[in-house]
Each structure stands twice: as structure tokens, then as C-alpha cells.
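Heads up, the thing below is written out as C-alpha cells.
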Amino acid sequence: MIKGKMLYEGKAKQVFATDDPTLLIQRFKDDATAFDGTKKSTIAGKGVVNNRIASHMFDLLEKRGVPTHFVEQLDDREMLIRALEMVKVEVIMRNVAAGSICRRYGTEEGLVFDEPILELYFKSDPHHDPLMNTEHIIQFQLCTAETLAEMSGMARKINTIMREFFHSIGINLVDFKLEFGLAGDRVLLGDEISPDTCRFWDLKTGEKLDKDRFRFDLGKVDEAYQEMLARVTSA
Ligand code: UDP
């Protein structure tokens with residue numbers, strides 16, 4: 001596998017071409033941003049932690065029948081992935097109220113929902129990723145109704161699998177964000193699953209072990225990422 005040129009650089013990751021047009025390399029950086037990119041810093045070792053946690057989670061999901069873009073972890077910061085045509089929709093699953101749902105609706109942080117809430121957002125930095133419904137997505141042709149139904153079904157299944165997994169390592173899975181893409185006519189889970197994209201609360205103490213430590217200057221940021229890696233890889 002020959003690493004080619006960088007095709008894309010985002011806030012937390014870079015994507016490189018390979019000599020196989022169906023495969024890409026995803027590289028995880030230590031850079032962290034929050035609040036629509038207005039808060040910027042680095043978290044020591046974050047890229048390594050996120051690569052390892054995401055590799056572990058994709059592997060687990062694949063074993064449980066969820067198709068993902070993950071092929072293999074290459075080294076500390078890089079994973080080999082299948083090239084996808086990304087759907088410009090972020091799917092957020094919420095088990096417990098936190099973050100934007102509290103700001104938007106005045107919901108009390110920590111409220112446990114009887115059923116998980118699925119939300120859809122337009123992935124567009126210039127528009128600040130606004131909340132959308134299924135009709136916007138279909139009419140704006142971000143994907144077909146069939147693809148959207150498949151993404152929603154996968155997101156609910158992923159939530160069931162991940163909730164049980166994180167519970168087994170003493171973590172309350174509060175919420176998380178997913179991105180999907182098409183490889184031909186197949187819908188695959190893409191992007192990453194990490195403390196950057198999920199909220200993890202310690203089951204016993206309620207301590208936050210995710211990017212909220214960075215967002216809200218709670219301290220012990222890199223320690224929280226390392227703690228999550230230790231728990232995930234101990235499972
Ligand atoms: N999230 C993400 N990328 C985004 C927006 C949200 O990974 O662009 C994750 C976030 O880390 C949290 C969940 O999705 O685990 C729900 O985020 P929320 O809508 O509450 O937004 P926030 O309060 O983080 O701005």
C-alpha cells in the first residue's frame with residue numbers, strides 16, 4: 001500500500017490517497033476545535049487515542065453486522081478505509097440530554113429519554129450545521145429516501161450495540177454523531193467514533209470523559225481521553 005497525496009484536511013483528521021482508488025488513509029491529528037471552530041487548541045495524544053478507539057469500535061460494529069468504511073489500523077495515527085461518497089448529513093443519537101438539545105429546547109442536562117432520539121443535521125460549515133428533517137434532506141437531494149432510511153436504521157442499531165458495550169466498561173453513552181457514505185450502492189458508516197464525537201459519562205460518578213472537558217475547560221483533558229482508551233481496549 002503506497003500512501004499518496006493529501007486529498008482533504010479537516011479539523012481533526014487528514015485523508016490521503018493510496019495506489020488503490022477504492023482505498024484511502026485517514027490520519028488522526030491532535031488538533032481540537034469547538035463551538036463552530038471558534039475555540040482551537042491541541043490535546044496531547046488525542047490523535048493516537050481516537051485512531052485506536054475508532055478502530056476498536058469499527059471492528060466491533062463490523063462483527064455485529066454493521067458495514068463500515070474501516071479496513072485496518074495501519075499505525076498509531078492512521079487507518080485504512082474504503083473510499084466513500086459522503087452524505088452531507090450528520091446523524092446524532094441521544095440517550096440522555098446534553099449539549100445542543102439543552103440549549104435549543106431548555107431540556108435539563110441528564111434527562112434520560114425513554115427512547116433514543118435521532119436527529120439529522122446538514123453537514124455544512126458555512127451554514128453552521130443546521131438541524132434538518134427528512135423532507136429537507138430528500139428535497140435538497142442530499143441522499144435518497146432509501147439511503148436515509150438505511151442510515152437511520154443503522155444509527156439505531158449502532159446505538160443499541162454501543163450502549164451495551166460502553167455500559168460494560170462503566171460508561172453511560174449519552175450521545176454521539178455518525179456520518180455515512182456510499183460505496184457504489186452500499187451505505188457504510190464512515191468518519192470516526194471517539195471521545196471527539198461521543199459524550200461519555202462515568203456510570204458511577206457521572207464524570208465527563210469526552211471532548212466536553214476541552215469545550216468547557218474542565219481540566220484533565222488528555223487524561224480523560226487516555227482513560228477512555230484504557231477502558232475500551234480492556235474490554
Ligand atoms: N458532535 C460531533 N460533531 C459535530 C456536532 C456534534 O461530533 O459537528 C457530537 C458531539 O460531540 C456530541 C453529539 O454529537 O457527542 C451531540 O452534539 P450536540 O448536538 O449536543 O452539539 P454540541 O453541544 O456538542 O455543540
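Points to keep in mind about this one:
- Mean-position separation - Cα centroids, the stretch 45-76 and the stretch 123-170, in angstrom: 19 Å
- Paramagnetic label zone (point 7 Å from Cα along Cα-to-C-beta, Ala235; backbone N under 17 Å) in the stretch 71-105: 93-96
- Environment charge of Lys29, counting only residues whose C-beta is closer than 15 Å and scoring Lys/Arg +1, Asp/Glu -1: -2
- Given their separation in residues at 0.36 nm each and the Cα-Cα distance between them, His167 and Thr107 gain 19.2 nm when the chain is fully extended.
- Cα extents of the stretch 74-118 along the three principal axes, largest first (Å): 41, 25, 20
- Using Cβ point charges alone (K and R +1, D and E -1), the dipole size of the stretch 196-235 about the Cα centre works out to roughly 120 debye.
- Alpha carbon convex hull of the stretch 150-235, projected area averaged over orientations, nm²: 6.0 nm²
- Size of charge dipole - the stretch 100-235 - debye, nearest 20, with Cβ of Lys, Arg +1 and Asp, Glu -1, no other charges: 160 debye
- Taking the stretch 84-180 and dividing mean pair separation by its residue count, relative contact order in percent (alpha carbons under 8 Å, at least six apart): 39 percent
- Tyr8 accessible area, assembled protein chains, probe 1.4 Å, Å²: 130 Å²
- Dipole magnitude of the chain about its Cα centre (Cβ charges: Lys, Arg +1; Asp, Glu -1), debye to nearest 20: 280 debye
- Distant-in-sequence amide H partners of Met86 (H built 1.01 Å from N, under 5 Å): Leu182
- Share of carbon and sulfur in the accessible heavy-atom surface of the chain [1.4 Å probe, %]: 50 percent
- Whichever lysines have a C-alpha closer than 30 Å to that of Lys5, once near sequence neighbours (fewer than 8 apart) are set aside: Lys13, Lys29, Lys39, Lys40, Lys46, Lys88, Lys123, Lys177, Lys211
- The residue list Phe176, Cys143, Pro130 was ranked by how far each Cα lies along the charge dipole of the stretch 129-229 toward its positive end, using unit charges on Cβ atoms, and Phe176 comes out on top.
- Taking every alpha-carbon pair under 8 Å whose residues sit at least 6 apart, the stretch 102-235 reaches a relative contact order of 13 percent.
- Most mobile of Thr205, Thr18, Thr160 in a GNM of the chain (Cα contacts under 10 Å): Thr205
- Stokes-Einstein, applied to the Kirkwood radius of the chain over Cα pairs at a viscosity of 1.306 mPa s and 10 °C, places its translational diffusion at 87 µm² s⁻¹.
- Mean Cα-pair separation over length for the chain, i.e. relative contact order, pairs under 8 Å, 6 or more apart, %: 18 percent
- Cβ crowding within 10 Å averaged over residues, with 38-48, 125-135 ranked highest first: 38-48, 125-135
- Accessible-area ranking of Lys88, Lys3, largest first, probe 1.4 Å: Lys88, Lys3
- Solvent exposure of the stretch 79-207 as accessible area per residue, Å², 1.4 Å probe: 48 Å²
The values are calculated or read from the model by the stated rules, or taken from the named source; none is laboratory data. Values in this document were obtained by computation on a predicted structure and should not be read as measured data. Please note: Cβ atoms are built from the backbone with ideal geometry, for glycine as well, and neighbour counts cover all protein chains shown. SASA here: full protein model, heavy atoms, side chains in, ligands and nucleic acids out. Shrake-Rupley method; radii C 1.70, N 1.55, O 1.52, S 1.80 Å.
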